[in-house]
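These notes are about the structure you will find just below.
The values are calculated or read from the model by the stated rules, or taken from the named source; none is laboratory data. Source: prediction; values computed, not measured. Here the Cβ is made from the backbone with ideal geometry for all residues, glycine too, and neighbour counts use every protein chain on show. For accessibility, only protein heavy atoms count, side chains too; no ligands or nucleic acids. Shrake-Rupley method; radii C 1.70, N 1.55, O 1.52, S 1.80 Å.
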Amino acid sequence: MRRISEPRLASSVLTLIILMTIVFFMVHATPGGPAYSILGQKATPASVHELNVRLGLARPVVEQYGIWWWHVLHGNLGYSVLLNRPVTQLIGTYMANTLALYGGAIVVSVLLSIGIGLVQGVTWGRLPARLIGFLQLALYALPVFFVGTLLILWLGVQLGWLPTGGIATIRSAHPSFTDYARHLVLPVATVAVLGTAGLSRYFGASVHEELGKEYVRTARAKGLSFRAVLLRHVLRNALRPLVTILGLSFPYIFAGSVLVETVFDYPGLGYLLWRSALSQDYPVVSAIVLLIGVLTVLGNLLADLVNGLLDPRERYA
């Protein structure tokens, strides 16, 4: 397992550096800049140049790139040029909200995917599996903003059961845990519906493949019931592809968070990235992309480790 992780780590670090280089120069190459967002209608060429000098944005972009990496390696992600707050503080606040949203959505998606995938794998080729497959494809093809808007109109506007956006009730000075939880239901449901559609399909195919292997026939020949074989052996082995897909899905999770958090006006990391990109807040955009890259690397490595625990052959390789 160590031999697997070390090459993966080295290639991931190189990919991360290349990603940050491309993003940094692309962001700095866009017309305008944060000075125009800060000054607004008062922006003149002279005032913009003066503010850029004060912000360190008048230096050559290559020099800015080197300074940024130097600060990052020393644990300093800089200050938001628009909000005038440390980037680490901003990311910490918004990241906590994103983790609450996507942590809940992943747990719901995995639990539903395991249940649906077991039914689909056991009934593969028959009517129940075909109906499940049709629903999976139909839901997976829906855009995330369409699902979110549909849930808002149905559960939030027409039925009035749940709040349609935000993280808590604005009128409440000290929102309760129940209030936070109610505001999470719709965005979590949006992510979970689409996540379940994709994950359950992979898991169902994995269960079907495992059921056709020799060890299943051997276990049945020894007298084990089909239920025991399914839950003790097939389930464990079929989870490995699901874990791998979860590890690879980190970038898509954060990319999707931009749409979900914007639709629900939810103050998470994707919402902060969207706002910062519009206002060209370079330090915040660069830091969030770096964080997403690091989390992607860690997610892939974690998937390797969990797969090693699920498969003893990799543990002793």
For the stretch 174-286, the percent of accessible surface on carbon and sulfur atoms (probe 1.4 angstrom, ligands and nucleic acids excluded) is 64 percent
Env charge @ Ile132, Cβ radius under 15 Å, K,R +1 / D,E -1, value +3
Hits in the stretch 113-135: amide N under 20 Å from the 7 Å Cα→Cβ extension of Arg227, namely 114-124
Whole-Hz Karplus couplings 3J(HN,Hα) for the stretch 91-100, θ = phi - 60° and coefficients 6.51, -1.76, 1.60, Gly and Pro as x, run 5, x, 5, 6, 5, 4, 5, 5, 5, 5
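So, counting K/R as plus one and D/E as minus one, what does the shell of residues with Cβ under 12 Å around Ala219 add up to?
Numbers: positive: Lys213, Arg217, Arg220, Lys222, Arg227, Arg232; negative: Glu210, Glu214.
Combined, the nearby Lys, Arg, Asp and Glu give +4.
Within the stretch 191-247, report the trypsin sites (Lys or Arg not before Pro) that DSSP leaves as loop and that have at most 13 other Cβ atoms within 10 Å.
Working: sites: Arg201, Lys213, Arg217, Arg220, Lys222, Arg227, Arg232, Arg236; in loops: Lys213, Lys222.
Qualifying residues, ordered by number: Lys213, Lys222.
Starting from the residue with the highest accessible area, list Tyr180, Tyr79, Tyr215 in decreasing order, probe 1.4 Å. Before the final figure, lay out the partial values.
On the way: Tyr180 95, Tyr79 130, Tyr215 70 Å².
The ranking, largest first, comes out as Tyr79, Tyr180, Tyr215.
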Under 5 Å from the placed amide H of Tyr79, counting only residues 5+ away or on other chains, we find Val87
Sorted on mean Cβ neighbours within 10 Å (highest first), peptides 58-67, 116-125, 283-292 come out as 283-292, 116-125, 58-67
Taking 0.36 nm per residue of separation between Arg182 and Leu298 and subtracting their Cα-Cα distance, the length gained on full extension comes to 38.7 nm
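If Trp68, Trp274 are ordered by their accessible area, calculated over protein heavy atoms with a 1.4 Å probe, which sequence runs from highest to lowest? Mind showing how you got there, number by number?
Numbers: Trp68 25, Trp274 100 Å².
Largest accessible area first, the list is Trp274, Trp68.
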Spelling it out for Thr169: with amide H atoms placed in the peptide plane at 1.01 Å from N, the residues 5 or more places away or on another chain with amide H under 5 Å from its amide H are none
Under the 7 Å Cα-to-Cβ spin-label approximation, Leu99 and Leu83 lie apart by a distance in nanometres of 1.6 nm
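Highest mean first, how do 93-106, 126-139 rank when packing is the count of other Cβ atoms within 10 Å averaged over residues?
Working: 93-106: 18.9, 126-139: 13.8.
Going by the mean number of other Cβ atoms within 10 Å, highest first, we get 93-106, 126-139.
Can you work out the FRET efficiency for the pair Thr244 and Ala46, with r the C-beta to C-beta distance and R0 = 41 Å, to the nearest 0.05?
Working: r = 56 Å, r/R0 = 1.35.
Efficiency for this residue pair is about 0.15.
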Under the Karplus relation with 6.51, -1.76 and 1.60 and θ = phi - 60°, whole-Hz ³J(HN,Hα) for the stretch 112-122, x at Gly and Pro, equal 5, 5, 5, x, 5, x, 5, 5, 5, x, 5
For the stretch 205-221, Karplus-derived ³J(HN,Hα) couplings (6.51, -1.76, 1.60; θ = phi - 60°; whole Hz; x for glycine and proline) come out as 5, 5, 4, 4, 5, 5, 5, x, 8, 5, 5, 5, 5, 5, 5, 5, 5
